[in-house]
Each structure stands twice: as structure tokens, then as C-alpha cells.
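The structure appears below as C-alpha cells.
The values are calculated or read from the model by the stated rules, or taken from the named source; none is laboratory data. Because the structure is a prediction, the values reported are computed rather than measured. Methodologically, a virtual Cβ is constructed for each residue, glycine included, from the backbone with ideal geometry; neighbour enumeration extends over all protein chains shown. We work out accessible area using only protein heavy atoms, side chains counted, and drop any ligands, DNA or RNA first. Shrake-Rupley method; radii C 1.70, N 1.55, O 1.52, S 1.80 Å.
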Amino acid sequence: MTLAQTVEALRHTSVSGITKPLSWRLAQLASLRRMLTERSAEFEDALLADLAKNPTESQIAEIGFVVGEIDHVVRHLRRWLRPRRVAVPGALLPARASIVREPLGVVLVIAPWNYPVQLLLAPVVGAIAAGNAVVLKPSELAPATSAVMARLVPEYLDPRAVAVVEGGVEETTELLEQRFDHIFYTGNGRVGRIVAAAAARNLTPVTLELGGKSPVYIDDTVDIDAAAQRIAWGKFLNAGQTCVAPDYILATAAVADRLAPALERAVRALYGEDPSTSPDYGRIVNEPHFERLAGMLDAGTVVTGASTDPASRYVAPTVLADVPRDAPLMREEIFGPILPIVTVSGLDDAISVITSGDKPLALYVFSESTRVRKRILTETSSGAVGFGVPAAHLAVGGLPFGGVGDSGSGAYHGENSLRTFSHEKAVLTKSLKPDTLKLIYPPYTEAKDRFARGLLRRLG
Ligand code: NAD
């Protein structure tokens, strides 16, 4: 089958209405859940092969994450699909108004390589829950996981409504030539622009889950050791290849002096004396990314790490102090295990560093001061804010997950996925009797004019 025929077949399914009943959606989600639990070992092996991801980490951040998302959605789906009544202005009464969520049709989910299970399947949970047919496009840069998806998804999910298309730029380009009712893309902003431009040709709405530099601000009101532990965990998870990983730290010189050794201790606590021998520490996805990261290691004073092994694409968990604000690694998303500490003079300075760059996907604050937290919340813009913890906000099903500005547009997880993958249809029902609208039909009279002027006030 050509790609065009694949998409055409899904469109046929969507039009036929097979995907609409709640029972179909729940059965598919149950089956997806079964795929993840029954075939867990195959996913774990693939993630180990693609990213040297430890199986426990794969459970936490990939397989178990999607299972949790399914459970959350299944628990609430019936309620989320109920028509929602809204108030009708007095002048239009008697009438009833409601919002009905309907499937968009055929949607495309394009995923990146860094969390190749989570970032492909979590959007798919929403797409199916909303009653859509869906094309899954795994990343070619996580080939083992892509192959498992191509093998298992047709076994567990209704092949009339769900298709996996493997491949790289060529296949994705061809896919983007097809007409979809929504495109959900996770990855870098350069390709995000390509996706948005292709979608625009068909007026297809897009969700763009992009990246960027997520800063950390830390002050002297917190327990520095405890904060360092959290920061190191969020940063070095998946060898720093996490879209919401802390990208760099902003701290005053006095805080930085205490934080640097605390980070060094935290790295040792997580991965031992020699992280290259730790089964819990990942590897860089490919050679170009390895080379890119290896070139960043001299940007500051080495606190810990800075060693590499090209053969295994190992980059040590690295902390660099005294990194100048205009260092090359401060201009692009690091997306690897290198954590620069940039010295600021205080909160004002930190806020100006944050607001002078692109709007981050996430912003993390380690401070016990209510004033500091409030100022960060109101004076900066980011996809999310984490007080006291990096990355974990995306595990809260009730929170929208997404970026703003350069870090993306649109959001998902839980009910936000339902919103993303549904059309919210406005429905107004007004009985023909009594015909209160008579009062505004032509021919217009002075009495009607008086009524209309009053009406406008009542509608407002
Ligand atoms: P990637 O290279 O796997 O690309 C993502 C997808 O785009 C793949 O499926 C790929 O096949 C496709 N693609 C690549 N080039 C294309 C082209 N020219 N035309 C059409 N499609 C193309 O992944 P990546 O972009 O390296 O991912 C890392 C980036 O993603 C980082 O910037 C990271 O911050 C961001 N990210 C964001 C989130 C989020 O949830 N916001 C999550 C993970 C990663």
C-alpha cells in the first residue's frame, strides 16, 4: 500500500463511524494498555538498544507513563464526552446551548527519538480517546523502538483505524503531503516549521511540542544538597536528552559556590564514582549529537565529568561552573548531559536572562521565598513552572503539557488531549414555539428598534 492509500483507508474508516462509539475507544485503549504490559520486555529491550535506557527508567518514563495516561483517560472519558451545557443569554430564551466533542477524523502523530515510546503513544491515547483514526510516525533515530511499534501496534490496535508508518525525512515528507485533520508533532523547532508549513497548505491544525532552553533559578533559601539531588536527577535522566531537562542554572556567585560541589556529590550518589560503568546511565543517541556535545565541554570550569568515549557515545554527567552568558552552549538547547552554571547578580538579573531568550518549555525554581516564586510566575512566560522539582509536572494528568512561543503551541495529557484531538461543536436548540425571534424580524418599527437597543444590552 502507498502512503496515500494508507491514509485514504483510514479516512474511509473515520467516515464510516467505526471509531466513534465509546465502546470502541475504550476497547482500543484497553488493548493498547495490554500491549504495553504483555510486551513490556520487547519495549524495554528496544529502549536499551536505542538509548541504553535502563529498564526501570523505561518503566517510569516510557511504558508505565503511558499506562498511567491510559488509566487516567479511561477513568474520566465518559464524563469528558458528555455534552457540556452553557448559559443562554436571556434574549434568546427559551433555548438550550451545549458543547459537544466530536472526533476530528484522521490525525498524524510524529514522534522524536528521545522518549520514543512515551512521545509516540501518549498523544495516540488522546487521539483514540477522542474517536479518531491515527497514523503513528515513530522516529527513525530510535530504530529498534520504531520496529517494535510497527510489529506490535497492528497486532493490538484496530488496523482499520490505526497505522504505523516507519521512516525518516523522505517518508515524513510524503506523509505531510496527505491531508490530515490534525498533525501532532514533537521534536525540534526547525522541523516544527516544516510541519506547520505543510499543514498550512491544507488548513490543518497543528500541535507543536518543541524544545528550547529550560532554566533553573536557585537561591540561598533552599536546602542546596536536596535541590542539587533533584536538579541532577532531572538533568541526567536519559543522559540529558529530555525536552524538559534543566538546561542551565542561574545562581548568584555565593550560591553557585555551594551548589557546584553539591551537584558533584549528587552525580556520584546517582551514578557512582565512574558513571561510564553505571547500568543506570544512558548514552547519546547518535554520532552527530555526540560530536555536538563533545564540543561543548570546554565552556566553563569543570566541576565534574567532561570525559567522553566516542566508541560507546558516552558523555559523562558534566557540570560546568563560571560559564559566560554568551558561550555557544547558551545559544542553543543543550539536549545532553552538560549542565552549565551561569552567575547572576540576583533575581532581577536572572529574570532578565530568562526573558531575553525564547520562551522556555519549562522553568524551574528552587526557592522557599513566596515573593521570589510570585515574581517568577508573573514576570516570565514558559510552558510550565516547577517549584522544587524538574520534569515531574508532565506526570500530572490534570496539567496541560505544552510549550509557548518557540517551545511550541497547543498542549496535551488527560482532558487536554481530548481538547486537542476533538472539535468542540457548538449546539443551540430553540423550539419554534413561542417564536420570540418575531420581535427582531423585519419590517423594523420604532418599537422593534427600541427593543433591539435594549436587546443589545441584554446580549452583552
Ligand atoms: P527527531 O530527529 O526524531 O525528529 C522528530 C520527527 O521529525 C521524527 O519523526 C523525524 O522523522 C521527523 N523529521 C525529521 N526531519 C524531518 C523533515 N525534514 N521533514 C519532516 N519530518 C522530519 O527528533 P528531534 O527533533 O531531534 O527531537 C529533539 C527535539 O525535540 C529537542 O529540541 C527536544 O527539546 C524536542 N522535544 C520536545 C518534546 C516536547 O514534548 N515538547 C519532547 C521531546 C523532545
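Just the residues that are away from the ligand (no atom under 16 Å from the Cβ) and more than 17 Å from Ala239 (Cα to Cα), please, taken from region 321-344. Across region 321-344, the qualifying residues are Ala321, Asp322, Val323, Pro324, Arg325, Asp326, Ala327, Pro328, Ile341, Val342, Thr343, Val344.
Filtering region 111-138 to residues that are of a type outside the set (A, V, I, L, M) and surrounded by 24 or more Cβ atoms within 10 Å (Cβ to Cβ) leaves Asn114, Tyr115, Pro116, Pro123, Gly126, Gly131, Asn132, Lys137, Pro138. Give the residue that is farthest from Val15 (Cα to Cα), with candidates limited to residues of region 121-138 that are more than 14 Å from the ligand (Cβ to nearest atom) and in a loop (DSSP other than H, G, I, E, B). Per the criteria, the residue is Ala130. Sub-8 Å Cβ pairs linking a first residue in region 139-166 that is free of Cβ contacts under 8 Å to residues at least 24 places away in the same chain and open to solvent by 40 Å² or more (accessible area, probe 1.4 Å) to a second residue that is within 16 Å of the ligand (Cβ to nearest atom) and not in a loop (DSSP other than H, G, I, E, B), at least 6 apart or interchain, are Pro154/Ala163; Pro154/Val164, ordered by first then second residue.
Rundown of residues vs (1) at pLDDT 95 or above; (2) open to solvent by less than 20 Å² (accessible area, probe 1.4 Å); (3) among the aliphatic types (A, V, I, L, M), yes/no style:
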| site | (1), (2), (3) |
| --- | --- |
| Ser307 | yes, no, no |
| Glu333 | yes, no, no |
| Val344 | yes, yes, yes |
| Val353 | yes, no, yes |
| Pro360 | yes, yes, no |
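Just checking, does region 161-170 include any residue being assigned to a helix (DSSP H, G or I) and more than 20 Å from the chain's Cα centre (by Cα)? Checked against the condition, which is being assigned to a helix (DSSP H, G or I) and more than 20 Å from the chain's Cα centre (by Cα), region 161-170 yields at least one hit.
Residue under question is Arg85, and the condition is that it be free of Cβ contacts under 8 Å to residues at least 40 places away in the same chain and either more than 16 Å from the ligand (Cβ to nearest atom) or within 27 Å of Ala49 (Cα to Cα) (or both); does it hold?
Considered against the rule, which asks whether it is free of Cβ contacts under 8 Å to residues at least 40 places away in the same chain and either more than 16 Å from the ligand (Cβ to nearest atom) or within 27 Å of Ala49 (Cα to Cα) (or both), Arg85 comes out as yes.
Return the residues of region 366-403 that are assigned to a loop (DSSP other than H, G, I, E, B) and open to solvent by less than 40 Å² (accessible area, probe 1.4 Å); say none if nothing qualifies.
Within region 366-403, Ser367, Ser369, Thr380, Ser382, Gly383, Gly388, Pro390, Ala391, Gly397, Gly402, Gly403 qualify.
Candidates are the residues of region 190-208 that are open to solvent by 10 Å² or more (accessible area, probe 1.4 Å) and of a type outside the set (A, V, I, L, M, F, W, C); the one that is farthest from the ligand (Cβ to nearest atom) is Pro205.
Taking the stated definitions as given, is Thr204 under 22 Å from the mean Cα position of the chain (by Cα), over 20 Å from Phe401 (Cα atoms) and outside the structural domain of Ala260 (by TED's automatic domain parsing)?
Against the criterion (under 22 Å from the mean Cα position of the chain (by Cα), over 20 Å from Phe401 (Cα atoms) and outside the structural domain of Ala260 (by TED's automatic domain parsing)), Thr204 qualifies.
Of the residues making up region 158-172, not a single one is assigned by TED's automatic domain parsing to the domain that holds Val206, under 22 Å from Leu394 (Cα atoms) and within 15 Å of the ligand (Cβ to nearest atom). Consider Pro324 carefully, then state whether it is surrounded by fewer than 22 Cβ atoms within 10 Å (Cβ to Cβ) and more than 22 Å from Lys53 (Cβ to Cβ). For Pro324, the condition - surrounded by fewer than 22 Cβ atoms within 10 Å (Cβ to Cβ) and more than 22 Å from Lys53 (Cβ to Cβ) - is met.
A quick yes/no check of all residues on (1) within 17 Å of Ile183 (Cα to Cα); (2) assigned to a strand (DSSP E or B):
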position: Ser417; (1), (2): yes, no
position: Val427; (1), (2): no, yes
position: Pro443; (1), (2): no, no
position: Lys448; (1), (2): no, no
position: Leu455; (1), (2): no, no
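Would a scan of region 49-62 turn up a residue that is buried (at least 17 other Cβ atoms within 10 Å of the Cβ), of a type in the set (A, V, I, L, M, F, W, C) and on the phi < 0 side of the Ramachandran plot? Scanning region 49-62, I find at least one residue that is buried (at least 17 other Cβ atoms within 10 Å of the Cβ), of a type in the set (A, V, I, L, M, F, W, C) and on the phi < 0 side of the Ramachandran plot, so the answer is yes.
If I ask for residues that are among the hydrophobic types (A, V, I, L, M, F, W, C) and more than 26 Å from Gly187 (Cα to Cα), which ones from region 312-334 would you list? Selection gives Leu320, Ala321, Val323. Screening Asp349 with (1) assigned to a loop (DSSP other than H, G, I, E, B); (2) over 22 Å from Val267 (Cα atoms); (3) at pLDDT 95 or above; (4) not β-branched (Val, Ile, Thr) gives one miss only, at (1).
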